[in-house]
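The next block holds one structure in the form of structure tokens; read it before the comments.
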Amino acid sequence: MTKHPVVELTSEASWNLVEDKFTPYGKETLAKLITFLQDDVYPCVRLAHSQIPKDPVQRWNTVIPVVKELKVKARKLGLWNLFLSKAHYPEHGVPLTNLEYAVMAEILGRGGQIASEAVNCSAPDTGNMEVLARYGSPDQQKKWLIPLLNGEIRSAFSMTERFVSSSDARNINTSIRREGSDIVINGHKWWISGAGDPRTRVHLVLGKSDPDHPDSYKQHSVVVVPADTPGVRVVRPMEVFGYDDAPEGHCEIIYDDVRVPLSNLVLGWGRGFEIIQGRLGPGRIHHCMRSIGAASYALDLMIQRVTDPTRKTFGKYLYEHDTVVAEIAKSRSEIEGARLLVLSAALQIDKYKAKGALKEIGIAKFVVPQMACTVVDRAMQAFGAEGLSQDQELASMYAQLRTLRMADGPDAVHIQQVGQRELRRANELRKRAQELRQKEAIVFKKAGIRSHL
């Protein structure tokens, strides 16, 4: 029996675990995606980066030519909007589950941002499309969702703020207030992904609309803001370890008396937290699976390096050093374990939606990026100084992965939430332990032995 091509890029064991949960369409689409990536996308990744101008102005006014060509080809192949499950979005989705897309996202992760954008599956557009598909009005969907689904425009999600501790989203303080038939927005945001792209036409802005509401989780709202609205000012692109991720970027933005019509309110007043939780759940899983793909690719590069016959240290090939072999083994084991975490979270989302998978999503969110950073760091070490340089992809890969330990909530927040969720089990665990002791007492009594507990 011919093995599915995904086995070569992931693992036979993990594929055997989920294969029966794939539809024939899912298997066919996955195979088609792998062929497209291997034949068309992966060979163009370096070219795409070389097509971004060095000029500090032009790099932010560039649509990468080869990516534009890849998007046309991907859409003709039907490899488009793979993240949007028809089960959850019947009008706009594709017949794939979150589990099926999770496996695809890992393969996409081997090609970085370029691969995801080629099939219209790149952040922050994916999350924004989910918001508009689930919560947007018919008019909002017509104006913004359809062009996003068609890959005609790009978008930004504007949440994090410069002068507050945004890891507690209740601190988000951008003012959103109603004035007659308008909504007026004032605030100072930063790390707003996608805001630098010349194709970005819309921002989804989270802000505080009812600061006096007794429920702090009902004080915020989300508003659609066209990127060219007067008062929207992109201050600068932020850099991660010197990388600016042009042309999308992660920008500092000031909203100064930005005025939009009341119809741009998403879902309703005070529904901001409901929206961002619905948005972030699947998005976190997408990030995690792409991270596993990046880690797997880094391990592949490391293995190639340490088996290079031209490389010897202290009279040995690199792979002949015990520490190198141990780090390869640890990397493989950590990748396999992380993949199972994410697949289980994706399956939970399919069964119970994001709200029913909070524990699994939270665990994956702090485990996977840490794992991927560690694996990439080991690969950089194997490459020596070259691993830190622009001649290899590892340094930029590490910068992106390290960002994920902050993005969509820092590690500490997810660890705290998972820990608190576990502590809720304490009373039930004590009850079960007491019942066990009672059963033990009966067993000891029947055996005629005195228990010392």
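Surface composition of the chain: carbon plus sulfur atoms contribute 54% of the solvent-accessible area (1.4 Å probe, protein chains only, all chains present).
With protein chains left intact and a 1.4 Å probe, residues in segment 6-149 average 42 Å² of accessible area per residue. Assuming charge only on the beta carbon of Lys and Arg (+1) and of Asp and Glu (-1), the dipole of segment 5-63 about its Cα centre is about 360 debye to the nearest 20. Rolling a 1.4 Å probe across the protein heavy atoms gives segment 274-426 an accessible surface of 47 Å² per residue.
If you take the Cα centroid of segment 49-73 and the Cα centroid of segment 251-292, the two points sit 26 Å apart.
Per residue, segment 155-266 exposes an accessible area of 42 Å² to a 1.4 Å probe, with every protein chain left in place.
In the chain, once you exclude exposed GluC sites (Glu not before Pro) (DSSP loop, at most 15 other Cβ within 10 angstrom), what's the longest stretch remaining? The answer is 240-453. Of all stretches in the chain that contain no trypsin sites (Lys or Arg not before Pro) in a DSSP loop with at most 10 other Cβ atoms within 10 Å, the longest one is 55-423.
For Ser165 and Lys446, the FRET efficiency from 1/(1 + (r/R0)^6), where r spans their Cβ atoms and R0 equals 60 Å, is about 0.50. Segment 414-453 and segment 81-148 have Cα centres lying 45 Å from one another. Here the simple spin-label model places points 7 Å from the Cα toward Cβ, and for Ile146 and Asp215 these points are separated by 3.5 nm.
Residues of segment 1-18 with an amide N closer than 19 Å to a point placed 7 Å from the Cα of Lys32 along the Cα-to-Cβ direction: 4-7.
Express the relative contact order of segment 155-266 as a whole percentage, based on alpha carbon pairs under 8 Å and six or more residues apart in sequence. About 32 percent, as a whole number. Ranking Val202, Pro95, Val66 by how far each Cα lies toward the positive end of the dipole of segment 47-205 (charges on Cβ) leaves Val66 at the top.
Ranking Leu299, Gly112, Leu340 by Cα position along the charge dipole of the chain, where only Lys, Arg, Asp and Glu carry charges on their C-beta atoms, puts Leu340 farthest toward the positive end. Whole-Hz Karplus values for segment 175-189 come out as 7, 10, 9, 8, 10, x, 9, 10, 10, 10, 10, 9, x, 10, 10 Hz, taken residue by residue from phi with 6.51 cos²θ - 1.76 cosθ + 1.60 and θ = phi - 60°; glycine and proline positions read x. Around the Cα centre of segment 274-426, unit charges on the Cβ atoms of Lys, Arg, Asp and Glu (plus for the first two, minus for the last two) sum to a dipole of about 640 debye. Shown here: Cα Rg over 2.2 N^0.38 Å, derived from the displayed model; of the candidates (i) 1.15; (ii) 1.29; (iii) 1.08, it corresponds to (iii).
Its DSSP H runs of at least 4 residues, each contributing -39,500 (n - 2.57), put the calculated 222 nm mean residue ellipticity of the chain at -15500 deg cm²/dmol, to the nearest 500. Translational diffusion of segment 360-453, estimated by Stokes-Einstein from the Kirkwood radius over alpha carbon pairs at 37 °C in a medium of 0.692 mPa s, is 189 µm² per second. Over segment 310-435, Cα pairs under 8 Å with separation of 6+ residues give a relative contact order of 20 percent. Around the Cα centre of the chain, unit charges on the Cβ atoms of Lys, Arg, Asp and Glu (plus for the first two, minus for the last two) sum to a dipole of about 1520 debye. Take every Cα-Cα distance within segment 274-426, group them into 10 Å bins from 0 onward, and report for each bin the whole-number percent of pairs it holds. Computed distribution, short to long bins: 11, 36, 28, 16, 7, 1, 0. In terms of its Cα atoms, segment 6-149 spans 50, 41, 22 Å along the principal axes, sorted from long to short. When the listed pairs Lys73/Lys351; Lys54/Lys142; Lys3/Lys71; Lys76/Lys359; Lys21/Lys218 are checked against a 30 Å cut-off, the alpha-carbon distance exceeds it for Lys73/Lys351; Lys54/Lys142; Lys76/Lys359; Lys21/Lys218. Could you state the number of Å between the C-alpha centres of segment 165-189 and segment 353-396? Taking the Cα centre of each part, segment 353-396 and segment 165-189 sit 33 Å apart.
The values are calculated or read from the model by the stated rules, or taken from the named source; none is laboratory data. Not measured: the values here are computed from a predicted model. Note that we place each Cβ from the backbone using ideal geometry, even for glycine, and neighbour counts take in every protein chain shown. Accessible surface areas use protein heavy atoms only, side chains included; no ligands, DNA or RNA. Shrake-Rupley method; radii C 1.70, N 1.55, O 1.52, S 1.80 Å.
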